[in-house]
Every structure is written in structure tokens, then in C-alpha cells.
1. Taking region 220-258, which residues are over 20 Å from residue 180 (Cα atoms) and of a type in the set (Val, Ile, Thr)?
2. Out of all the residues in region 156-172, which are under 25 Å from residue 38 (Cβ atoms) and in contact with a Pro (Cβ under 9 Å, 6 or more places away or on another chain)?
3. Test residue 200 against the stated conditions and say whether it is more than 17 Å from the chain's Cα centre (by Cα) and exposed (fewer than 14 other Cβ atoms within 10 Å of the Cβ).
4. Looking for whichever is within 15 Å of the ligand (Cβ to nearest atom) and either over 27 Å from residue 213 (Cα atoms) or not in a loop (DSSP other than H, G, I, E, B) (or both) here; the options are 110, 86. Which one fits?
5. Among the numbered criteria (1) closer than 19 Å to residue 41 by Cα; (2) modelled with pLDDT of 95 or more; (3) hydrophobic (A, V, I, L, M, F, W, C), which single criterion is violated by residue 232?
6. How many of the residues making up region 17-39 are over 30 Å from residue 84 (Cα atoms) and surrounded by 17 or more Cβ atoms within 10 Å (Cβ to Cβ)?
7. Within region 97-107, is there a residue that is within 19 Å of residue 254 (Cα to Cα) and more than 16 Å from the ligand (Cβ to nearest atom)?
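The values are calculated or read from the model by the stated rules, or taken from the named source; none is laboratory data. The structure displayed is predicted, hence computed values, not measured ones. Every residue, glycine among them, receives a Cβ derived from its backbone with ideal geometry; neighbour counts consider all protein chains shown.
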Amino acid sequence: MSAQDTVSFGFETVTPDEKVDRVKGVFRSVASKYDVMNDFMSVGIHRLWKHDTMTRLNPQPGEAHLDVAGGTGELARSFLRRADAAGQRRGDTRKATAIVCDINDAMLEAGKARPDTAEWGERLNWVCADGTALPYPDRSFDALTISFGIRNFADRVAGLREFKRVLKPGGRLAVLEFTEMTAPLLQKAYDTYSFNVIPKVGEIVTGDRDSYQYLVESIRQFPDQETFKAEVEGTGFSNVTVTNFSGGIAALHFGWAI
Ligand code: SAM
């Protein structure tokens, strides 16, 4: 098997098809406890990162939003809330719409069952699909987000190309992902925490240690901020910027489809 035929699944090397299957297994297993575990693992800080991501995205009335690897739909609901608030401020009654697209139906079902989902009715849709083969025509969306999803892709660049294809000219891309801390000493402390604590907490809360072991390993396998920025630029996005959150534990890559 040549190197091009393989990808990383955490610290293991597997075929792209095997990665897709095993990633599905991970998120099927954690789906019902996913939101609770997110708060546990990040002490709620992931909410601040998502809040800042949405501020940067600046949702507008009437816009179409696609949240790829959207899981339980947190960013999509936030997009709709922000777009409505912007509309109210300006007396613009156009309604934004959002689609949560995820490869895993268990994550989508957990999102649909949330109490804060029903209020959005037909403005919020849920679609089971692979982010590297999106079931939408070219130039369909004004804004596309992906948070903590792209490191799970078997082919990141194929995903970024799809994002560019489905965004309208002038559309915004926001990729939020765990990255590399800017201070090496802090990175060491963070690694100690993530490798020793997260799989154990995952086991206690969800009964599944292996899935959380994969999650921490996959974070370490993700490229650093500058390398990923070059990938985003390489797929045709313009004015790509990087914003580090919490010393680089996570970073927002923001770009324009022009
Ligand atoms: N975006 C959500 C959030 O920030 O809470 C969920 C993030 S969760 C860590 C990663 C999600 O990526 C899972 O719901 C998983 O099913 C989804 N995923 C993984 N590979 C995918 C792919 N190739 N296409 C679409 N979704 C994928």
C-alpha cells in the first residue's frame, strides 16, 4: 500500500474508507452524550470560541447557511438567532435559513431532539451527507461553517474544494478546529491533560474510552495553523486569516470565496 492510499485515524494509519467507517462509529457511539461531554472537556470554553466564530461570520437576514459536520446543530441555531437579531436592528424581515449536514445520522437525531431546535421549524434542515461530496449545486450558500469536523475527514482538501464550490461568490468560510498552542510549554501541559484526563472522563460519561482516545489523537495529527491556512488558500479561498483562541488550543480559519 502506498503512502497516498493511507490516512491517519488518530495515531493509526488506515485506508480512507476505513477512516470514514471508523469516524462514523466514533460519533455514533458518543452522539447521545456529545453536548454534555463537550462542556465537560472544554469547561464550556468551546461556547466562547463558537460565539467569536459567529461574530466574525456576521450572519445577515435572508442568508443561506450550511454547517458541515454540524453534529447537533449548535452553529446553525446560532446563525439563525444572529441573523434574526441583525434583521430586527435594521427592520429587515427576510428570514435566514440553515442546513446542518453531517455524515452521522445519530448526531443529527440528537440535534433534532434538542429543545432549542423546534422553534426554527422549516428554516433549519438536517441532511445526512459526507462533507467531501455535498449534495448541493454550485454557488448555493452565503456562509459555510465547520467546527471540530474537518480533522475527521479522510480527505481535507476534497472537503475544502467542495466548500468553495457550494459557496456563492463573496461567500464566507469559517473553519474552527483544535490546533497547536503558541507556547510549547503550555502545549505540553495541555497534552498531559488531554491524553490523561479526556479518555478517562469519556469512559465515565459515555462508557466509551476508545472514541475519546481517537479524539485526542486526531487533534495531535491535525496540521499547525500556517500549514492549514496554506491548504485553505490552495483551494481558492481569498484573504484567509487565522485567529487563535485560548493560546491556540483552537483556531478559526476565515476566508472568502471570491
Ligand atoms: N460541529 C459540531 C460541534 O462543533 O459541536 C460537531 C463536531 S463533532 C466533534 C465532529 C462531527 O463531524 C461529527 O458529528 C461527525 O459525525 C462529523 N463528521 C465526521 N466526518 C464527516 C464527514 N466526512 N462529513 C460530514 N460530517 C463528518
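1. Quick first cut of region 220-258, residues over 20 Å from residue 180 (Cα atoms) only: 234-239, 256-258.
Result: 235, 258.
2. Passing the criteria: only 156.
3. Details: more than 17 Å from the chain's Cα centre (by Cα): yes; exposed (fewer than 14 other Cβ atoms within 10 Å of the Cβ): yes.
Answer is yes for this residue.
4. Values: 86 fails: within 15 Å of the ligand (Cβ to nearest atom).
Of the residues listed, the single one that is within 15 Å of the ligand (Cβ to nearest atom) and either over 27 Å from residue 213 (Cα atoms) or not in a loop (DSSP other than H, G, I, E, B) (or both) is 110.
5. If we test residue 232 against (1) closer than 19 Å to residue 41 by Cα; (2) modelled with pLDDT of 95 or more; (3) hydrophobic (A, V, I, L, M, F, W, C), just (1) comes out false.
6. Initial filter on region 17-39 (over 30 Å from residue 84 (Cα atoms)): 17-30.
Adding the requirement that they be surrounded by 17 or more Cβ atoms within 10 Å (Cβ to Cβ) leaves 19-20, 22-24, 26-27, 29-30.
Residues in region 17-39 being over 30 Å from residue 84 (Cα atoms) and surrounded by 17 or more Cβ atoms within 10 Å (Cβ to Cβ): 9 in total.
7. Looking through region 97-107, none of the residues is within 19 Å of residue 254 (Cα to Cα) and more than 16 Å from the ligand (Cβ to nearest atom).
The rows are residues; the columns are (1) modelled with pLDDT of 95 or more; (2) within 12 Å of the ligand (Cβ to nearest atom).
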residue	(1), (2)
25	no, yes
29	no, yes
38	no, yes
46	no, yes
57	yes, no
65	yes, no
69	yes, yes
75	yes, yes
95	yes, no
